[in-house]
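See structure below.
Derivation of every value follows stated rules applied to the coordinates shown; laboratory data play no part. In this text the structure is predicted, and so the values were computed from the model without any measurement. Every residue, glycine among them, receives a Cβ derived from its backbone with ideal geometry; neighbour counts consider all protein chains shown.
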Amino acid sequence: DGAKEQPSELESRPSHETEDYRFVEKHNIKTDKNLGEVITIIGQGIKIKGELFGDEDIVIEGEIEGKINIKKDLEIGQSGCAKADVYANNIKISGKVYGNIYANNKVELIATGFLEGDIKAPKVVISEGAHFRGSVDMGEVKEEPFPEMASNNSTSLEAEESEAEETKEDLKTY
């Protein structure tokens, strides 16, 4: 009849968006374009050493060493590795985590997941086949384990400024 088939949503996307779209589909990440929800993806080739904190959903496929404090949801993907204590609302682990886990709502350790550390969360799901070595406390997480990252840093800034002034005074005496 000569009518052309409409391209699928994936085919109609610009090529630079196709890989991101497949990644989001593969990880069953829920997005709502109308709400402008943002998901940050830390890719396989990325290594971070230090503190990661923020107010967005994050998927980690790379490596992180330090502390992680996310106010929303965190997923450690199959290729992801975190050597860190982790705080988030919900935490899903398909990769490797070496450190303690704190969740306001739920921790989910998938069959491919590996966790060496303690879990503190009101809900915990450990799938058959997952590796877990540690303890579980299913009480509520009452406060963030890294208050220095979550609180206003004015106190530490004031201390640094005071110390800098003292150093200036000491230098003047020489």
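Quick rundown of the values:
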| item | result |
| --- | --- |
| Other-chain or far-sequence residues with amide H under 5 Å of Lys92's (modelled H) | Leu74, Glu75, Ile76, Glu108 |
| Cleavage-rule hits, GluC sites (Glu not before Pro), the stretch 49-82, DSSP coil, Cβ neighbours within 10 Å at most 16 | Glu56 |
| Gyration tensor verdict on the stretch 36-127 (Cα atoms; rounded if a/c is under 1.5, prolate if a/b is larger than b/c, oblate otherwise) | rounded |
| D (Stokes-Einstein, µm²/s), Kirkwood Cα radius, the stretch 85-135, 1.002 mPa s at 20 °C | 208 µm²/s |
| Hz values of 3J(HN,Hα) by residue in the stretch 114-119 - Karplus curve (6.51, -1.76, 1.60), Gly and Pro given as x | 9, 9, 10, x, 8, 10 |
